[in-house]
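Everything below concerns the one structure shown next.
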Amino acid sequence: MSPRPSAGELLARVVAAAGLGYDAYAHLDLASRFDANTAVISQGMLFRAETVLAVLAALGVLLTRWRAAVIFALLVAGSALGAVLLYRYVDVGVLGPLPNMYEPAWYPEKTLSAVAEAAAVLALAAQPLFGSEWRSPGSR
Amino acid sequence: MLTQPTTIVRSRPSTILFTMLLAVLGLVVACGTASNPSGGPATSGNTPGGAVVTTTPAANTIVIKNFAYVPPSLTVAPGTKITVINEDKAPHTVTATDHSFDSGTIEGGQRGEVTAPTTPGTYPYICTVHPYMKGTLIVQ
């Protein structure tokens with residue numbers, strides 16, 4: 001493994017963490033407004049869960065060089081971006097325990113959150129390009 | 001002279017991350033509990049002195065705040081023009097379920113208007129962007 005990450009790798013990790021951080025903030029800020037939209041679980045609770053996952057993912061990419069942390073963060077940011085795009089354009093309806101989160105509109109906080117998620121996805125997907133060897137959680 | 005052997009305890013990264021996860025979970029739960037529930041009227045609150053202040057929207061006005069209509073039920077005369085004030089960041093509508101009136105999309109921070117039907121009756125309405133938002137217009 002490289003003793004120190006390159007500047008490019010560091011920048012990409014900071015961008016990814018910042019994107020995940022804004023994603024976490026936006027979801028927590030909006031959560032209470034969506035508590036009324038519920039099936040088995042409410043949209044507000046899903047937003048709070050996303051906040052927890054995004055903060056954990058951001059910490060993972062900032063504090064470790066684990067491959068698993070990058071993959072986890074990529075899944076968190078990618079699923080959030082996929083969900084916001086899906087529910088913006090497709091009236092999915094109630095899906096199992098999930099409420100219908102169709103919201104055919106963009107507004108600044110939602111748009112910025114989607115942009116932040118996209119930036120995080122790109123920055124995380126670029127990690128293998130830096131060529132550094134990654135640690136697995138068990139290694140020293 | 002004998003010295004006590006020094007033991008250095010180093011926390012594993014996984015332990016640190018687990019501790020951070022617990023901290024984030026606690027923070028999110030605390031924020032969720034403290035935030036304003038979406039269903040409740042958003043126009044009341046406490047002053048620093050402890051007195052409860054309730055703001056009533058002007059007559060013939062529907063205020064949208066925190067994804068809720070205030071008042072949730074409004075009584076007007078037939079044909080009354082009703083001002084709709086969207087205090088949220090997200091766009092909303094005031095749309096009768098029988099389509100007898102429709103404000104169209106009102107962007108965050110903007111105002112709109114609907115005209116009450118000329119036939120007395122009870123008219124449920126929703127936001128077409130967020131259909132779980134419900135209100136009632138009573139024409140008499």
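Tabulated data for the structure shown
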| read-out | value |
| --- | --- |
| Matching option when the condition is outside any loop (DSSP other than H, G, I, E, B) and farther than 30 Å from A:ARG88 by Cβ, among B:THR83, B:THR75 | B:THR75 |
| A:ALA36 vs. criteria assigned to a loop (DSSP other than H, G, I, E, B), within 14 Å of chain B (Cβ to nearest Cβ) and in contact with a strand residue (DSSP E or B) (Cβ under 8 Å, 6 or more places away or on another chain) | yes |
| Test for A:GLU103: is it without any contact (Cβ under 8 Å) to a residue 24 or more places away in the chain, charged (D, E, K, R), open to solvent by less than 50 Å² (accessible area, probe 1.4 Å) and within 13 Å of chain B (Cβ to nearest Cβ) | yes |
| Matching residues, segment A:58-97, being touching a residue at least 40 places away in the same chain (Cβ under 8 Å), open to solvent by less than 50 Å² (accessible area, probe 1.4 Å) and not in a helix (DSSP H, G or I) | A:THR64, A:ARG65, A:TRP66 |
| Every pair of residues 6+ apart whose Cβ atoms lie under 8 Å, when the first sits in segment B:94-108 and is free of Cβ contacts under 8 Å to residues at least 40 places away in the same chain while the second is of a type in the set (Gly, Ala, Ser) and part of a loop (DSSP other than H, G, I, E, B) | B:THR95/B:SER103; B:PHE101/B:ALA116; B:THR105/A:ALA105; B:GLY108/B:ALA90 |
| Criterion (over 24 Å from A:ALA105 (Cβ atoms) and at pLDDT 95 or above) met by exactly one of A:ALA54, A:ALA49, A:ALA73, A:ALA80 | A:ALA73 |
| Selection within segment A:33-57 - small (Gly, Ala, Ser) and open to solvent by 10 Å² or more (accessible area, probe 1.4 Å) | A:ALA36, A:ALA39, A:SER42, A:ALA49 |
| Residues of segment B:86-120 classified as over 25 Å from A:LYS110 (Cα atoms) and not in a strand (DSSP E or B), total | 10 |
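The values are calculated or read from the model by the stated rules, or taken from the named source; none is laboratory data. Remember, predicted model here, so these are calculated numbers, not experimental data. All Cβ positions, glycine included, derive from the backbone under ideal geometry; neighbour counts span all protein chains shown. Please note that ligands, DNA and RNA were not included when accessible areas were found on the heavy atoms of the full protein model with its side chains. Shrake-Rupley method; radii C 1.70, N 1.55, O 1.52, S 1.80 Å.
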